[in-house]
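Written out below as structure tokens is the structure these notes cover.
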Amino acid sequence: MQEIIQYLFSGITTGSIYAVIAVGLSMLYSSTELINFSHGEFVMLGAMGIVTIWVHLALPLPLAFALTVAAVAFMGMLFERLAIRTAKKHQPITLVIITVGASILLRGVAMIIWGKDPFSVPQFSSHESIEIAGAALVPQSLFIVIAAFILAGTIHLFFKQTLTGKAMVACAVNKKAAWLSGIPSETMGVLAFIISTGTGAAAGIFIAPITMSSYDMGTILGLKGFCAAMIGGLGSLWGAFAGGILLGVLESLGAGLISSGLKDAIAFILLLLILYICPGGLFSAKVAKRF
Amino acid sequence: MNQRKINVFVWAIAVMLVIAPIIGTSSAMAASAYKIGGIFDSTGPASFLGDPEKKTMEMMVEQINASGGIDGQKVEAIIYDSEGDPAKAVSAVNKLLHKDNVLAIIGPSTTPTTLAIVNFVEKAKVPLISCAAGIEITSPVKPWVFKTAQSDLLAVAAIYKTMQARNIKKIGIITVANAFGESGKKQLVGQAKDFGITVVQQESFGPNDTDTTAQLTKIKSASPDAIVCWGTNPGPAVVAKNIKQLKINIPLYQSHGVASPKFIELAGEAAEGITLPTGKILVTKLLDASDAQKKILEKYEADYKAKFNANVSGFGGYSYDAMVMLANAIKGSGGDKEKIRAALESTKKYMGITGEFNFSATDHNGLTPDAFVMVEIKGGTWKLLDK
Amino acid sequence: MSQQKRIFIEHTLFIIAVILCGLLIENTYYLQIITFIGINTLLALGLNMLMGYAGQVSLGHAAFYGIGAYTTAILSTTFGISPWIALVCAVGGAIFVAFIVGLPTLKLSGYYLGMGTLGFGMIVNIIFREWSSVTGGSSGFVGIPMLELGSILFEAGKSYFFLVWGVVFVAIVICRRILASRMGRALRSIHDGENASMAVGVNTHILKLQIFMFSAALGSIAGFLYAHFVMFISPDSFGFMVSVKMVTMVVIGGMASVWGAILGASLLTLLPEVLHSFQEYEMIIFGLILMIVMIFMPQGLTRGLIDIYEHSHKSRSGSKANIKKTN
């Protein structure tokens, strides 16, 4: 029993990492109908950014956090302006390959800047692990879960409550109609990229202390985030969130109860079964029929 | 539409301008020289191995040329990056064998990339000195294939010997899910009986996993006397941290895969008390002055630091030893590959970075278990354990 | 009639080009690269049928490549069966797996199909890695025998070059035949509008499944050829990144074009060879080229190059016309 609780704890921790990444991906999809395969690399940039700004330059944590997110979001904006905007009229599959190209490019750049060795980032707080029913919970895990909730909640409120957010939703529903009612869809596209890459960077910052950061950490994270977003249903914010947590918990339970070598396989088999039962994801917002 | 087309041409010309001079310079090399090929994983997941190996080889070639070359002939190194991909290694080896016509090849860095090219060098009859650890490379012995890295067999034997002395009977193992971890697992399970040790729990983790607490919890519930983690950075550092976080008070043993200062930096406080086997390079300063290896280690360390301003790791030593032994073998061969091979095979008592090499027709690795020393991490640095 | 004639000329040119390459190129290194291009072309051809014509994306196609390679490796090495019988088993196995997996997966569409196939590819790769008693695990599978046919021994060099490109030629002819048939027209109708084609009586699900099985068969043949060429296989050669590379080959070459597959396979095989000299900067330049090609030639290289050619042609004749006018 004690073990099961421990598995759940670690599952929820990794799950919330996947969740934040999935939320960023899903959010971008709902405003631009694009899946960004370089999202994982923006997460990596966030983690590497905090290494440089907080650990090496020793700036205070909140400032370092803000600077990193801003810098990465700026990169996201550049990416949108230079690559995606130029190729906007292309088929979705072409855009996907462009983002794949971008992910290789960003990884290459990060390798030159930070080198090939991984970095370690200290925990945000020096508290000891908390013990609940014999299972240990790391404070950083709590941070991650809380941050995931706050991020998803903020984006939710932003879409539901603010005018800009509503305008972005309008663009997602029907670009032409939104344009007719005076919404600048291009600005909304840039904004979506900024928010998406910004949340990616935030995810990277929060996971840096529990794992090691290196230039090639992004690919697998992006992949897991993509899976989570799919399971939840593309375009559904809380669906992506739930998908992330589910993926993390499945992996952890698979590793603990069955076999750690097969943990990814177990998670993927269950995810495929879910997809077969509800082909549009658990909380499908609309049928995603583009590619 | 017209503007687009112009853009296309501008981009195309820009790309050409960048590529052309580099291809031009790389093909215009010195004509008469002993050409030695190198294949290292200098990028990709095994870059912690390939990068120092490549740098060391470049440094060694420079040194050899500065002292007049081999038999008055300059040496030219042609190095390709295999990125840890067997297909890329095959492509690189064919380039070296058929385009560059090299005398001998050093590398690759990992077991799969080496195994992928073994057939090709055997057929072309060109000596290969691999820097990978897998025991499959030299057993069974293949005439043209040698290796300088210690086999996992020796590392496991060194760990188990220490465990025996500390009266450890039951262990749990956690290995990384790649070739390095798998080979380690095979040896750990295979040799356990000889030392009276039982493996009570086997777990694995992915090379980029962010968390290993589930696996560790499972190992903990099997209550072993010690945990052995077999992997390369950054995974083992995550394992060390997780063990501290879960408050598991079981001694942790690591493999030589993390034997570099980087590991202590990554694991931080969690590294305290970890025991691991390592080549002597890590503990040069702690060695007795009478140790035959001390001098050569110090020289390598100083040279490497002066040239690259980076700390040495034991991995670069693999290509150091390969290069020195190869240079010795080429001496007097006049560039005859069969002579080089024969000279390599008869290398005896060469004292290198990794250990003392004694090649023979039946042993193409030539190291003994004392190539490893056991160290413990204390106060953020290495402490030599008594034999 | 003229269409048939054109195809005949194209095929003749292709055969002449292959024979010329084989006779003129002596260096084993270059032959080996072109052999790899051939293997990659087979992969791209299969995926192109699925993506370009039927409009179904697969992000897990490396699994079939791996199934082909591992089946022949295990049967011919562990059990000592003739590789040619192993080839039949490999293709049969891949088709069977494609049938089982395709049945539920191909009901998905768009990104969900991508996710479904991705998950399948990951699971197969984990099996290759974890079932180490049979597959050799992460360290790989050693000692795969060379191919032999009568007295001919296929080894790296000319003999293997001709074998691979012969297979590529047969595959191209078969693809063409399929596309020219009723099935090909039905396929394109799925690409343009699945509901519409269903309405005119095309059983889209069966058709998609058939083409999925066909592309799996081509993938497994490529895997067979790869395994006996390198004589060593490891799970890394059949991972997720390889699936992505295959999709990239198809898209960058030009979807729905047989020659596009060759072009895409050539580019993605040659580029890393050329970029070797950049060392550390290789990844940056590779990524940049990928992005630039896709931004400026969204239809892929085949269409892009034709466009450039036609454009320059047009502008030249245009300027001629202008000169005439001024005269």
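The values are calculated or read from the model by the stated rules, or taken from the named source; none is laboratory data. Computed from a predicted structure; not experimentally measured. Using ideal geometry, Cβ is built from the backbone for each residue, glycine included, and neighbour counts are taken over all protein chains shown. These area figures cover heavy atoms from the full protein model, side chains too; ligands, DNA and RNA do not enter into them. Shrake-Rupley method; radii C 1.70, N 1.55, O 1.52, S 1.80 Å.
So here's what we get for this one:
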read-out	value
For chain A: relative contact order, % (alpha-carbon pairs under 8 angstrom, 6 or more apart)	38 percent
Computed label-point distance, nm, for sites A:Ser125 and B:Lys307 using a 7 Å Cα→Cβ extension	5.0 nm
Computed label-point distance, nm, for sites A:Thr154 and C:His311 using a 7 Å Cα→Cβ extension	4.3 nm
Reciprocal of mean inverse Cα separation for chain A (Kirkwood radius, Å)	19.3 Å
Centre separation in Å (Cα based) which lies between the range A:176-218 and the range C:88-112	35 Å
Ellipsoid equivalent to the protein assembly as shown - semi-axes via the Cα gyration tensor, in Å	44, 38, 28
Proximal aspartates and glutamates relative to B:Lys241, as straight alpha-carbon distance under 19 Å, when same-chain residues fewer than 8 apart are discounted	A:Glu3, A:Asp117, A:Glu128, A:Glu131, B:Glu203, B:Asp209, B:Asp211, B:Asp225, B:Glu265, B:Glu269, B:Glu272, B:Glu376
Candidates B:Ser204, B:Ser260, B:Ser91, ranked by Gaussian network fluctuation over chain B, Cα under 10 Å, top entry	B:Ser91
Exposure ranking of C:Lys107, B:Lys74 by accessible area [1.4 Å probe, largest first]	C:Lys107, B:Lys74
Average other protein chain Cβ within 10 Å of Cβ, residues A:250-260	5
Length gained when the stretch B:Glu62-B:Lys247 is fully extended (0.36 nm per residue, less Cα-Cα span)	61.6 nm
Max mean-square fluctuation residue, GNM over chain B, Cα-Cα springs under 10 Å, options B:Val126, B:Val93, B:Val189	B:Val189
Candidate lysines for bridging to B:Lys307, where Cα separation is under 25 Å - those fewer than 8 sequence places away on the same chain excluded	A:Lys116, B:Lys35, B:Lys54, B:Lys55, B:Lys74, B:Lys262, B:Lys280, B:Lys285, B:Lys294, B:Lys295, B:Lys299
Unit charges at the beta carbon, dipole of the protein assembly as shown: most positive-side option, B:Thr368, B:Gly44, A:Ala170	A:Ala170
Rounded to the nearest 20 debye, dipole of the range A:111-233 from Cβ charges on Lys, Arg, Asp, Glu	600 debye
With 10 Å bins from 0: P(r) over chain B, alpha-carbon pairs, percent	5, 23, 31, 22, 12, 6, 2, 0
Label-point gap, in nm, between B:Glu356 and C:Ser82 - each point 7 angstrom along Cα→Cβ	5.5 nm
Positive dipole terminus of chain C, leading residue within C:Phe162, C:Gly137, C:Phe14 (C-beta point charges)	C:Phe14
Lysines with Cα under 27 Å of B:Lys193, excluding same-chain neighbours fewer than 8 positions away	B:Lys161, B:Lys169, B:Lys170, B:Lys185, B:Lys218, B:Lys220, B:Lys387
Calculated FRET value between C:Cys21 and C:Arg182, using beta carbons and R₀ = 35 Å, to 0.05	0.50
Sites C:Val200 and C:Ile9 - FRET efficiency at Förster radius 30 Å, r taken between beta-carbons, to 0.05	0.35
Relative contact order of chain C, pairs being alpha-carbon contacts under 8 Å that are 6 or more residues apart, as %	30 percent
Rounded Å value of the spacing that divides the Cα centres of the range B:223-274 and the range A:1-46	26 Å
Options B:Trp382, C:Ala98, C:His228, ranked by Cα towards positive dipole end of the protein assembly as shown, top entry (Cβ charges)	C:Ala98
Only Lys, Arg (+1) and Asp, Glu (-1) charged, at Cβ; the protein assembly as shown dipole about Cα centre in debye	2780 debye
Only Lys, Arg (+1) and Asp, Glu (-1) charged, at Cβ; the range C:2-296 dipole about Cα centre in debye	980 debye
Prolate/oblate/rounded call for the range B:153-278, Cα gyration tensor, a/c under 1.5 rounded	rounded
Cut-off under 5 Å, modelled amide H: who pairs with B:Tyr350 long-range	B:Phe357
Highest-MSF residue in chain B out of B:Glu83, B:Glu53, B:Glu298 [GNM, Cα springs under 10 Å]	B:Glu298
